[in-house]
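The values are calculated or read from the model by the stated rules, or taken from the named source; none is laboratory data. Model, not experiment: these values are computed from the prediction. Backbone-built Cβ (ideal geometry, glycine too); neighbour counts: all protein chains shown.
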Amino acid sequence: MIDVVHHLPILLIASGLIGAFLTPLIGLIRKELCNYWATFVTLIQFSISIALFYKVIQVGRISYWLGGWEPPWGIEYAIDILNGFVLVVVSTICLAVVIYGRKSLLKEVPEKEIQLYTLYILLCTGMLGIVITGDVFNLYVFLEISSLAAYALVAIGGRNALMASFNYMIMGTVSACFILLGIGYLYLMTGTLNMADLSRLLPPIFGRPAVMIGLILLVVGLSIKTAFFPLHTWLPDAYTYSPSAISALLSGTFTKVGVYVLIRLIYTIFGLQYFLANIDILIFLGWVASAGIVFGAIMAIAQEDFKRMLAYSSISQIGYIGLGITLANKFAIAGSLLHIFGHSLMKSGLFMVAGLVIYSKGIKRVSQLEGMGKAMPYTMAAFLIGALSMIGVPPTIGFVSKYLILLGAVERGEWAFVAIILFSSLLTAAYFWKVFEKVYFSFGDSRVEKISEKSKEGPLTMLVPALILAVLSLAGGFLAPYLIKVFELWISTIGGV
């Protein structure tokens, strides 16, 4: 009898690849079935991710050898607490967005259900593959699967989206070249592609120039994929012009997967001891992340387009995660991991709100949001909670994650970083206040009164996922102590923390 539980790692990926293959066939029967099919596939992947995370907490690291071939000859899928947690984050957002997208995508990109949901499943499966694999070349393969699907999904948004997708593809191709070359250098020096073997074979040869070149290539390539400042240039247009559901998916998952790979590279493959011995690297990366935090927030203040404001906000928030990684102590690492979860909830939820406003009112600019607090009270409640969490107001998950990163900076004695975190929170409050003022405090305008009279929320399939993510952003602050205890199990395995 087949042990299904033992084969969950490969079933996670196989279900998505088979699902994507069958989507065009299902679409030939009836195009409307594609969304239900994609929802079913992502629900399976979500359930498997939950099961794997629960199992890894109970029994520790899980190793699955494809075809029974032992590493380094065969490909290994390896799950520990870190990537088990990221699997849950990615699959949660994928499931929420596919439910949300049923009405949203039908209105924004009609008559493209077959292509859209085939690409959607491929994107989600590619991201899950990146997270679960224990082989760096297999990671590159999944990275390209998900990237190609992402380029196409952005392009579906229309004329402006085509140029945004083209720029995204050019930057993504450069990134892929850097990553592949970096992997090649590491393979040249070690003769293995398995992450666990790399972590064992690299320390004796850290002084070799080829190893340093491989590290630089990987960090730069992954920074482009993750949209770390100043390699973020593809992100604003891609998020602004893509369909709202795709913006919600990419903002909540794709950049977080890139961050996960950077964490895996720094803490597992090379090991924290290497970076502590070369502390200038961490300090440099910390200042780059800090610059991104401030730059993204200032640019968000300057935006008039609602989605573009949220896009620049993402650049700022990704900087927080990067800063926590470079501070490299238990507070900052836990804060970064929590911010991966929190930002996925917050930003996907906020883009869902933007999509709801576009769907119901056709409004895309911040200046046009007057009276939305009365016209769409539940939608704007979801926005309010998500925005307060982004600012870092207690008791939201955004407050806890930022507070932990702040404690990490204090423990390191990096007072400049402390000042940047506090200052950037004020900047975040400034660009969200622009929206609050329009939504809740515009009175006495006849146009506002007319909008308020036409109270109309979006469809429940769009509204409910946005509200659920907002509630999770709030509840996450109360659940944070339990998540931190889980993170500490993984952090305890890192040398030097």
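Overview of results
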| item | result |
| --- | --- |
| Test: residue in the range 202-216 that is touching a residue at least 12 places away in the same chain (Cβ under 8 Å) and under 23 Å from residue 318 (Cα atoms) | yes |
| Residue list for the range 60-73, filter: at negative phi and modelled with pLDDT under 80 | 69, 70, 71, 72, 73 |
| Enumeration of residues in the range 290-305 that are assigned to a helix (DSSP H, G or I) and not aromatic (Phe, Trp, Tyr) | 290, 291, 292, 293, 294, 296, 297, 298, 299, 300, 301 |
| Residue among 139, 116, 153, 123 that is under 13 Å from residue 260 (Cβ atoms) and of a type in the set (A, V, I, L, M, F, W, C) | 139 |
| Test result for residue 132, buried (at least 19 other Cβ atoms within 10 Å of the Cβ) and not charged (D, E, K, R) | yes |
| Test: residue in the range 169-178 that is over 30 Å from residue 305 (Cβ atoms) and surrounded by fewer than 22 Cβ atoms within 10 Å (Cβ to Cβ) | yes |
| Residues located in the range 366-389, provided they are hydrophobic (A, V, I, L, M, F, W, C) and in a helix (DSSP H, G or I) | 366, 372, 375, 380, 381, 382, 383, 384, 385, 387, 388 |
| Filter result for the condition that a residue is buried (at least 21 other Cβ atoms within 10 Å of the Cβ) and at pLDDT below 90, over 337, 369 | 369 |
| Among (1) modelled with pLDDT under 90; (2) aromatic (Phe, Trp, Tyr); (3) surrounded by 14 or more Cβ atoms within 10 Å (Cβ to Cβ) - the single one residue 37 does not satisfy | (1) |
| Matching option when the condition is in contact with a strand residue (DSSP E or B) (Cβ under 9 Å, 6 or more places away or on another chain), buried (at least 17 other Cβ atoms within 10 Å of the Cβ) and not basic (Lys, Arg), among 245, 196 | 196 |
| Residue pairs meeting the criteria (Cβ under 7 Å; at least 6 apart or on separate chains; first in a loop (DSSP other than H, G, I, E, B), in the range 315-342; second crowded, with 23+ Cβ neighbours inside 10 Å) | 329/408 |
| Qualifying positions in the range 343-366 - touching a Lys or Arg at 6+ places or on another chain (Cβ under 9 Å) and either buried (at least 20 other Cβ atoms within 10 Å of the Cβ) or touching a residue at least 60 places away in the same chain (Cβ under 8 Å) (or both) | 343, 344, 351, 354, 355, 357, 358, 359, 360, 361, 366 |
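Residue-wise test of (1) within 30 Å of residue 484 (Cα to Cα); (2) touching a Ser or Thr at 6+ places or on another chain (Cβ under 9 Å).
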{"residue": "333", "(1), (2)": "yes, no"}
{"residue": "346", "(1), (2)": "yes, yes"}
{"residue": "355", "(1), (2)": "no, yes"}
{"residue": "358", "(1), (2)": "no, yes"}
{"residue": "369", "(1), (2)": "no, yes"}
{"residue": "372", "(1), (2)": "no, yes"}
{"residue": "376", "(1), (2)": "no, yes"}
{"residue": "385", "(1), (2)": "yes, yes"}
{"residue": "389", "(1), (2)": "yes, yes"}
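Per-residue answers, yes or no, for (1) closer than 23 Å to residue 237 by Cα; (2) under 18 Å from the mean Cα position of the chain (by Cα); (3) modelled with pLDDT of 90 or more; (4) not aromatic (Phe, Trp, Tyr):
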| site | (1), (2), (3), (4) |
| --- | --- |
| 327 | no, no, no, yes |
| 330 | no, no, no, yes |
| 362 | yes, no, no, yes |
| 377 | no, no, no, yes |
| 383 | yes, no, yes, no |
| 400 | no, no, yes, yes |
| 406 | no, no, yes, yes |
